[in-house]
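Participant: Structure incoming, see below.
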Amino acid sequence: MSDSLSRRVTFAVTAWMLSVVSSSSAPANTLPDIENEDFIKDCVRMHNKFRSSVTPAASDMLYMTWDPLLAQIAKAWASHCEFAHNKRLKPPYKLHPNFTSLGENLWTGSLSIFSVSSAITAWYDEVKYYDFKTRKCNKVCGHYTQVVWADSYKVGCAVHFCPRVSGFGALLNGAHFICNYGPPGNYPTWPYKKGSTCSACPRNDKCLDNLCTNPQRDKVTRMYINLKLFKIYVSCVTALWVTTLTRVFHVCFTGYYSTVFPDWPIFPRDRYTSLFLIIIPPILILSVIIIIWAKGKYPHLFTLK
């Protein structure tokens, strides 16, 4: 093989390999993350758009706002690339401190057709299969009823690039979009009360675009604390501080210490003790920071069963 032909073959193979790598990595980079402000606004806007314009009109439809923890839960499950509902959204599991169970909608399709608007519109379009009088569906319509479930007032969504989605046929390199809701919908009753808009809003609510709003309910909470785990953590930190302070008292006030407690052993203050006393406070502070970060990044690890 001549040198020129060899170079051409090498160039062709290299170009092909680069195209494969770029084609597999680029799609993931084109999808928005759960912290993308435009993505968040689109998810909330599309839900409230459909909730405010249901037919027949709703008298008790709550305004829906974003919940970062619901989005994190959706992101974690979307990464599994399964076209199936997350079984941990209901008891005995409790993934969210404010809701006993959670609702969920799924959408999967090619990257070229995905948008927040198209996915949520596809869910809402199931309205044509729902009979409001009988509360029955002649085809799948659970996505629609969850979108317009009056009592669901928090939503968190995520989209993930999946080379293949289990349970979704032969689709390759698709977008897997999930929204979680709190509290969940789809109980055996009507999704909302029929009547004049906002006529059955909770007390102290105001009406905005045919939806019931309340500043306290609608505020976005960035960090949740699992009280049980927090109490355990506080107990551990307290024990460490008591041990450390006792040691400090022992070392710094040896004369008084030995007089009051003559039977207790006395340890000389050496360079190792000084080093210990210096590094313990920063370690405790760092541990708090790490736990707060991990709680936000991996919420499912901080949920007691």
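The values are calculated or read from the model by the stated rules, or taken from the named source; none is laboratory data. Here the structure is a predicted model, which means the values were calculated and not measured. Don't worry about glycine lacking a Cβ; one is built from the backbone with ideal geometry, like all the others, and counts go over all protein chains shown.
Participant: Could you identify the single residue in 185, 195 that is more than 25 Å from the chain's Cα centre (by Cα) and at pLDDT 95 or above? Quick ask: steps written out before the conclusion?
Facilitator: Values: 185 fails: more than 25 Å from the chain's Cα centre (by Cα).
195 is the lone residue from the list that is more than 25 Å from the chain's Cα centre (by Cα) and at pLDDT 95 or above.
Participant: Looking at region 148-157, which of the residues that are touching a Pro at 6+ places or on another chain (Cβ under 9 Å) and crowded, with 20+ Cβ neighbours inside 10 Å is farthest from residue 201 (Cα to Cα)?
Facilitator: That would be 156.
Participant: Can you tell me which residues in region 128-143 are within 14 Å of residue 55 (Cβ to Cβ) and without any contact (Cβ under 8 Å) to a residue 40 or more places away in the chain?
Facilitator: 128, 130, 131, 133
Participant: Search region 101-140 for residues being closer than 19 Å to residue 191 by Cα and β-branched (Val, Ile, Thr), and hand back the single one that is surrounded by the most Cβ atoms within 10 Å (Cβ to Cβ).
Facilitator: 120
Participant: For region 72-95, indicate whether the set of residues that are surrounded by 19 or more Cβ atoms within 10 Å (Cβ to Cβ), at pLDDT 95 or above and either part of a strand (DSSP E or B) or not assigned by TED's automatic domain parsing to the domain that holds residue 182 (or both) is non-empty.
Facilitator: no
Participant: Sort out which residues of region 56-76 are closer than 18 Å to residue 97 by Cα and of a type in the set (Phe, Trp, Tyr), and write them in order of number.
Facilitator: 66
Participant: Scan region 163-186 for residues that are surrounded by fewer than 24 Cβ atoms within 10 Å (Cβ to Cβ), assigned to a strand (DSSP E or B) and hydrophobic (A, V, I, L, M, F, W, C) and report the count.
Facilitator: 1
Participant: For residues that are out of contact with any strand residue (DSSP E or B) (no Cβ under 7 Å at 6 or more places or on another chain) and part of a helix (DSSP H, G or I), tally how many sit in region 33-50.
Facilitator: Applying the first criterion (out of contact with any strand residue (DSSP E or B) (no Cβ under 7 Å at 6 or more places or on another chain)) to region 33-50 yields 33, 35-39, 41-42, 45-46, 49-50.
Going one step further and asking which of them are part of a helix (DSSP H, G or I), we end up with 37-39, 41-42, 45-46, 49-50.
Of the residues in that region, 9 qualify.
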